[in-house]
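What follows is one structure encoded as structure tokens, with my remarks underneath.
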Amino acid sequence: MTGHLPRTVRSDARDNRARILDAARAVFGEKGLGAPLREVARHAGVGPATLYRHFPTKQALTAAAFAEQRRACHAAVRDALADADPWHGFRSLVERICELHAHSRGFADAFMTAFPEAMDFAADRERTLRAVAELVRRAQGSGRLRPGFVVDDLILMLMAHRGLKDTPRAARLTASRRFAAYVIEAFQAVPEAGAPTPLPPAPHLRLAHSPGTP
């Protein structure tokens, strides 16, 4: 029996880690990084001590939980740079990044937040922004992207896009696609000839009422 104990312990630890990561993606994805770690632990069915044993900080948990989204972000930038048409690549990047952020509030928060203790995440973000800057240079060289556009405008766009975080999940992706279509049109240097590109469907949204209002 003692010979099987270490293997069982390792298996339990792997299972706990997997449950914690799944819980973090679910909780942060729906409520953002402001959700407390005790809620992640409760969702995972483990105690806070177990969570902290695997992930000593929220930054470490965030970096591990959203590794897949980071890879998807890398792929979006890589595909955009590989596109023979820089403007088409730029448009595709805006659409894919907005979709990634719409699917997960937690990833949107992590991408936009400075985590001094999670240097790999910060360095990863800086590499992504440098690649985007190269894409911007090419798209502007093609004459299709406004000459005054700077990478900070993409950050501004993502900050505005975070406003969708309180949109009901059913409407969030629809709203995100329409938002992306509008900003792409705003970023374009010269309108395309012919009829405007049709917008994606409009989401059905309701304004939140202040307390005490009908």
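Key figures
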read-out: Candidates V183, V150, filtered to the one that is surrounded by 17 or more Cβ atoms within 10 Å (Cβ to Cβ) and either in the same structural domain as L93 (by TED's automatic domain parsing) or modelled with pLDDT of 90 or more (or both); value: V183
read-out: Candidates F111, F121 - the one that is more than 14 Å from M159 (Cα to Cα), assigned by TED's automatic domain parsing to the domain that holds L145 and at pLDDT below 90; value: F121
read-out: Residue in region 86-104 that is outside the structural domain of Q140 (by TED's automatic domain parsing), assigned to a loop (DSSP other than H, G, I, E, B) and within 12 Å of A24 (Cβ to Cβ) present; value: no
read-out: Identity of the residue in region 198-214, of a type outside the set (A, V, I, L, M) and surrounded by 12 or more Cβ atoms within 10 Å (Cβ to Cβ), that ends up modelled with the highest pLDDT; value: P200
read-out: L145 at pLDDT 85 or above, more than 17 Å from the chain's Cα centre (by Cα) and under 24 Å from Y182 (Cβ atoms); value: yes
read-out: Which listed residue is assigned by TED's automatic domain parsing to the domain that holds V94 and either modelled with pLDDT under 90 or touching a Gly at 6+ places or on another chain (Cβ under 7 Å) (or both), from R19, R78, R71; value: R71
read-out: Residues within region 22-50 that are basic (K, R) and without any contact (Cβ under 8 Å) to a residue 24 or more places away in the chain, tallied; value: 2
read-out: Boolean, R38 is surrounded by 13 or more Cβ atoms within 10 Å (Cβ to Cβ) and at pLDDT 90 or above; value: no
read-out: Subset of region 59-70 [surrounded by 19 or more Cβ atoms within 10 Å (Cβ to Cβ) and assigned to a helix (DSSP H, G or I)]; value: Q59, L61, T62, A63, A65, Q69, R70
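The values are calculated or read from the model by the stated rules, or taken from the named source; none is laboratory data. Everything numeric here is computed off the predicted structure, so don't read it as measured data. We place every Cβ from the backbone using ideal geometry, glycine too, and count neighbours over all the protein chains shown.
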